[in-house]
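What follows is a set of notes on a single structure, which appears directly below.
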Amino acid sequence: KIYFLKGEYDGAILNYQEALKLRKKAEDENASDIATNLTDLGDVCFAKKEHGDALDYYKQSLQILRSFDGEGHSNRRACEVLLKIGNVHHALDDNDLAKKTYEEALLISRQGGARKLSKSIENAVMLETLGNFYLKVKSYDDARVLFEEALDIRSDKLDGNDPTISGVVVLIGRCYYKKRDANGAMEMFTKALEMRKVKMREAHVAFQDYVQSERESMTEETEKSSIGYDKARQR
């Protein structure tokens, strides 16, 4: 993982492959850990733009996760891997397969499971991923519907001024803009701007409170030091 984060992809692959061999040889072989290992290898290959290898690793991981039939946690992870597979197809300009894969992930997510994914932030991310895909392939109405659904989830789960909410509002505005609906676009962009202004004001107030608190603390410490110094001189 450290090699991957540092951008040293070859080192990451070697370490992940070695870990995978050890896990497969272990007496208490854990299929879930193997799936994670395969997904990590896929991530590195995707970062290296080795799309064929990435797709192979992701599919192996997905096959394992699908064997845990009906388990909510595995459903969530399967959705995540499906999104990654969709990203590979999209990178290869295979938009039909990308669309099919994204929609499969979304379908599983809507069905929920032990963790009720249908109302989770994870589902909002999937809606946004598919929405962005639709935006790129110029299916603007389909994209807007998904972004609006994602907005409902984020608005329900997060603080009203969370920056990710205004980000989705901007995406909805882009859909209107691409459809040459100037009024709809202006409404969404203005709404997003107002939300961000509120967040900036809140941050400014919080910073002022912090500065004032630090000043009071420093003043108190200075007064204590001064009193201690005076007492020492009196002795």
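How charged is the neighbourhood of Tyr140? Take every other residue with its Cβ under 13 Å from the Cβ of Tyr140, and add Lys/Arg as +1 and Asp/Glu as -1. Before the final figure, lay out each step's value.
Working: positive: Lys136, Lys138, Arg144, Arg174, Lys178, Lys179, Arg180; negative: Asp141, Asp142, Glu148, Asp181.
Around Tyr140, the surrounding residues sum to +3.
Within 10 Å of each residue's Cβ, count the other Cβ atoms and sort Ser166, Ser120 from fewest upward.
Details: Ser166 22, Ser120 16.
So the residues, fewest neighbours to most, are Ser120, Ser166.
So how far, in whole Å, is the C-alpha centre of the range 2-61 from the one of the range 157-186?
37 Å
For the residues Met186, Met195, Met126, what sequence is obtained by ranking on other C-beta atoms within 10 Å, fewest first? Don't skip to the answer; put the middle values down first.
Working: Met186 13, Met195 19, Met126 27.
By the 10 Å Cβ count, ascending: Met186, Met195, Met126.
Need the full-extension length gain, Lys100 to Arg180, defined as separation in residues times 0.36 nm minus the C-alpha distance. One decimal, nm. Walk me through the numbers before you get to the answer.
Working: separation 80, 0.36 × 80 = 28.80 nm, distance 2.79 nm.
Result: 26.0 nm gained on full extension.
Within the range 1-119, how many Lys pairs that are eight or more residues apart, or on different chains, come under 14 Å at the alpha-carbon? Display every interim value, and only then the final one.
Working: Lys6/Lys48; Lys49/Lys84; Lys59/Lys84; Lys84/Lys99; Lys84/Lys100.
Here the count comes out as 5.
Provide Arg144, Arg77 in ascending order of the number of other Cβ atoms located within 10 Å of each residue's Cβ, fewest first. Each step should come with its number before you reach the end.
Details: Arg144 24, Arg77 20.
Arranged by neighbour count, lowest to highest, Arg144, Arg77 become Arg77, Arg144.
What FRET efficiency do you get for Lys48 and Glu194 if R0 is 30 Å and r is their Cβ-Cβ distance, rounded to the nearest 0.05?
Working: r = 42 Å, r/R0 = 1.40.
Here the calculated transfer efficiency is 0.10.
For the range 1-119, build the charge dipole from Cβ charges (+1 Lys, Arg; -1 Asp, Glu) around the Cα centre, then report which of Cys45, Ala12, Asn87 sits farthest towards its positive end.
Asn87
Determine the gain in length on full extension of the stretch Gln111-Lys59; use 0.36 nm per residue of separation and subtract their C-alpha separation, reporting nm with one decimal.
That pair, Gln111 and Lys59, stretches by 16.6 nm at full extension.
Can you give me the distance in nm between label points at Ala26 and Glu148, each placed 7 Å from the Cα along the Cα-to-Cβ direction?
In this crude label model, Ala26 to Glu148 measures out at 4.8 nm.
Can you tell me the FRET efficiency between Asp156 and Gln17 if r is taken as the Cβ-Cβ distance and R0 is 41 Å, rounded to the nearest 0.05?
Working: r = 42 Å, r/R0 = 1.03.
After rounding, the FRET efficiency stands at 0.45.
A short reminder: the numbers here are calculations on the coordinates, not readings from a lab. What you see is a predicted model, and the numbers here were worked out from it, not measured in a lab. Cβ: placed from backbone, ideal geometry, glycine included. Neighbour counts: every protein chain shown.
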